[in-house]
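Undergrad: Submitted below is the structure of interest, expressed as structure tokens.
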Amino acid sequence: MERLQEKRLLQELMRGRLSRRQVLRRAAALGVSASAMSALLAACAREEATPAASPTAAPPAAGTPAATPTAAPAETPAGTAELGPATFQYEEPRNKGGTLIEGSFADAKTLNPILVSDTASGAVSDLIFNSVIRVDPQTTEPVGELADKWEISDDGLIYTFTLRDGVTWHDGEPLTADDVKFTYDLFMNEATGSPRRAEMTERIKTVEVVDERTVRFTLNFPVAPFLVEQMVYGIVPQHVLQDVDPAQLAQDPFSTGQKGRTIGTGPFMFEEWVKDDHITLVKNPNYWEGEPNLDQYIWKVVPDATVVAQQLKTGEIDYGDIEPSQLEDMRLQPNVNIYKYDTFDFTFYAYQLDPEKTTIFQEKEVRQALLYALDRQAMIDAIRFGIGRVAVGTMPVMSWAYNPDAIQNKYEYDPERAKQLLDQAGWTPGPDGIRQKNGQRLAFTIYTNAGNKIREQYVAVFQEQWRQIGVECTPQTEEWNAFLDRITGTKDFEMFLVGFSWGVDPDQSTMWKCSAYEGGFNMNKYCNPEVDQLLDEALRTTDQEQRKELYTQMQNILMEDLPSAILDFPQALSVVNKRVHNLFPNDVDDRYNAHQWWVES
């Protein structure tokens, strides 16, 4: 059952027209297993662009964020649109009231945070509910939301949280530790059907109420990312749901949307849901961080990316994502700010390392030569319209484990070095210019999914640039389901190109561990016990600097072995109407300060 659910989620993510913000929310919503779902295959809308022309006391809640070092502004636009600031800049509200409308490709499926497994549901429920911990979008560090402070035992097994005083549900009832325990009991109850159950039960041993404001979690083993992976889900009210059969929770009006029953502790309260059209929320005047500035927030379903862009221009929606191909036109609009920012997404190709399927990539010199032969910066400039970064190592720029200066093999474009490596490995040019060794030609097929314009262009560049070093590559595109089955089911490939998305925590076990070949996303049968050891040690080490060093060691092994080639980290583009203030698009959590959003009258 878990494997079927995992495959269904992969289908939605890799094929869907999802923004990176939305994918991240879905990433937080997935919990098929700790090993399988710490990273998600991503097929974002920006990948579908039109082809290019040629102890911890909790820090303050994230309402007053620090400056971010990672957001990247777009270049100076040619027209009259303005750049969104690269760091959050709080503006004292000059107006109270009004409505903010966000455009989305999809409608929600549920409003219950325990059951969320889709993008839209997570985005809306984030405004209704609060979690014990939230991830600071500037630092990617855990900060207290409902928790005022927390303590971690020396052995890393016991987490004790103290809840903020004075937090109330939308109906006025006080939040207590019983609500937290009740919520996590539902997460781990098989009858509930939560997509996070497997990971929760794997990691959490017990949840105990110490007193009205204190709750204690005991783990089965130390988990370094416990705060940012298990404690970031919305808490639900025990007094509303205690008499509901967990097996009927999905059908209860609390989950499907009923004014007065769908209640949380968040900045906005549920008002109305017109299926496949919009969801309306109204401000919570008693919100614990302060009364929100907006009167209303509307999640508007706009299923076409072109229509989203058009409605951003006309002002019919205030906030939405655009594709790189739409950037130049959007720059001409006088009423918007454009934000370009780093993401956890990446594009990669994987070599088949199972010798029973092919022997062509068994030598690391061949794998290394192919990456040296690619001009990745030129590909980003020409195909992604410059909206992305060349990957250095396996960690995204957003990660606290990003350490590019310590990466030994950066694989900068060097076709001569590529030829030397192939020569050293004994692959010599044949009569037709294609290299051969022991009667075998250095020729193979690379698969990707049909209709993904960026990936189709990438493999065309591979074919051309690899030919220049004496390698024959034949691109092959397949309909999505067939492609997915090839790379995750039969694993019948020589090479494939696809997208992935790391989580906020830098654990990458699901792609690199030997055991991840069955049930994870190690689809090419890479196995290095030294990498396994480093990943295991890092996952159980709570000291961040130690973890960073372990992940740097891991990356240097991976960049030498090169079982897969991480090519780039695409950036995202979001557009916000100039009448909207204090909304800061980012790849971690753009809702962290929703109570501070305000619009001009």
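Undergrad: Specify whether the C-alpha gyration tensor of region 306-434 places it in the rounded, prolate or oblate class, a ≥ b ≥ c being the square roots of the eigenvalues: rounded for a/c under 1.5, otherwise prolate if a/b is larger than b/c and oblate if not.
TA: Values: a/c = 2.82, a/b = 2.33, b/c = 1.21.
Prolate.
Undergrad: Could you calculate the contour length gain from residue 295 to residue 460, that is, 0.36 nm times the residue separation minus the distance between their Cα atoms, to one decimal place in nm?
TA: Values: separation 165, 0.36 × 165 = 59.40 nm, distance 5.05 nm.
In short, 54.4 nm is gained.
Undergrad: Which stretch or stretches of region 189-207 have amide N atoms under 11 Å from the point lying 7 Å from residue 153's Cα along the Cα→Cβ direction?
TA: Answer for region 189-207: 205-206.
Undergrad: Run lengths n ≥ 4 of DSSP H only: what is the helix-derived mean residue ellipticity at 222 nm for the chain, with -39500 (n - 2.57) per run over all residues, to the nearest 500?
TA: On the way: 18 runs with 160 residues, N = 601.
Rounded to the nearest 500, the figure is -7500 deg cm²/dmol.
Undergrad: Please give, to one decimal in nm, the separation of the simple spin-label points placed at residue 271 and residue 445, each 7 Å out from Cα toward the Cβ.
TA: Result: 5.5 nm between the two label points.
Undergrad: Which cross-chain or sequence-distant (5 or more) residues have an amide H under 5 Å from the amide H of residue 146, H modelled 1.01 Å from N in plane?
TA: Sorted by chain and number, the residues that satisfy this are 131, 132, 133.
Undergrad: Suppose R0 equals 41 Å; then what is the FRET efficiency for residue 248 and residue 467 from their Cβ-Cβ distance, rounded to the nearest 0.05? All intermediate terms of the calculation are to be shown ahead of the outcome.
TA: Working: r = 60 Å, r/R0 = 1.47.
Computed FRET efficiency for residue 248 and residue 467 comes out at 0.10.
Undergrad: With θ set to phi - 60°, apply the Karplus curve 6.51 cos²θ - 1.76 cosθ + 1.60 along region 474-486 and write out the HN-Hα couplings as whole Hz, x wherever there is a Gly or Pro.
TA: For region 474-486, the Karplus curve yields 10, x, 9, 9, 9, 4, 3, 4, 5, 5, 4, 5, 5 Hz.
Undergrad: Right, next: Among [x] 1.08; [y] 0.97; [z] 1.54, only one was calculated for this model; which label is it, if the read-out is Cα Rg over 2.2 N^0.38 Å?
TA: Computed from the coordinates, Cα Rg over 2.2 N^0.38 Å corresponds to [y].
Undergrad: Now a separate question. Taking residue 513 as the anchor, which aspartates and glutamates have their alpha carbon closer than 12 Å to its alpha carbon, excluding any fewer than eight residues away along the same chain?
TA: Qualifying aspartates and glutamates at Cα under 12 Å: 530, 532, 536.
Undergrad: List the residues of region 271-304 whose backbone N lies under 17 Å from a point placed 7 Å from the Cα of residue 259 along the Cα-to-Cβ direction.
TA: 271-275, 278-285, 295-299
Undergrad: With the cut-off at 19 Å, tell me which of the pairs 357/525; 109/259; 525/548; 357/453; 410/453 have Cα atoms farther apart than that.
TA: Values: 357/525 11 Å; 109/259 17 Å; 525/548 25 Å; 357/453 28 Å; 410/453 27 Å.
Check vs 19 Å cut-off fails for 525/548; 357/453; 410/453.
Undergrad: Starting from the 7 Å offset along Cα-to-Cβ, what nm value, one decimal, do you get for the label separation of residue 540 and residue 206?
TA: Inter-label distance under the simple model: 2.2 nm.
Undergrad: Under a plain spin-label model, where a point goes 7 Å from the Cα along Cα-to-Cβ, how far apart in nm are residue 490 and residue 578?
TA: It works out to 5.6 nm between the two label points.
Undergrad: Here is a further query. Using the alpha-carbon centroid of each, what span in Å lies between region 401-438 and region 292-359?
TA: 35 Å
Undergrad: Select from region 367-448 those trypsin sites (Lys or Arg not before Pro) which occupy a DSSP coil region and have at most 16 other Cβ atoms within 10 Å, ordered by residue number. The partial results should precede the final answer.
TA: Working: sites: 367, 376, 384, 389, 410, 417, 419, 435, 437, 441; in loops: 384, 410.
Loop-located and lightly packed - 410.
Undergrad: A follow-up question, please. Given R₀ = 51 Å, FRET efficiency for residue 424-residue 481 by Cβ-Cβ distance, to 0.05? List each step's numbers first, then the result.
TA: Numbers: r = 41 Å, r/R0 = 0.80.
The value I calculate is 0.80.
Undergrad: For region 537-551, what does the Karplus curve 6.51 cos²θ - 1.76 cosθ + 1.60, with θ = phi - 60°, yield as ³J(HN,Hα) per residue in whole Hz, taken in order and with x for Gly and Pro?
TA: My calculation for region 537-551 gives 5, 5, 5, 9, 9, 8, 6, 5, 5, 5, 4, 4, 5, 4, 5 Hz in order.
Undergrad: For the chain, give me the percentage of DSSP beta bridges that are antiparallel, rounded to the nearest 5 percent. Kindly include the intermediate steps, with their values, before the conclusion.
TA: Numbers: 66 of 85 bridges.
In the chain, approximately 80 percent of DSSP beta bridges are antiparallel ones.
Each value in this text was obtained by applying a stated rule to the coordinates, not by laboratory testing. The structure displayed is predicted, hence computed values, not measured ones. As a convention, Cβ positions derive from the backbone with ideal geometry for all residues, glycine included, and neighbour counts pool all protein chains shown.
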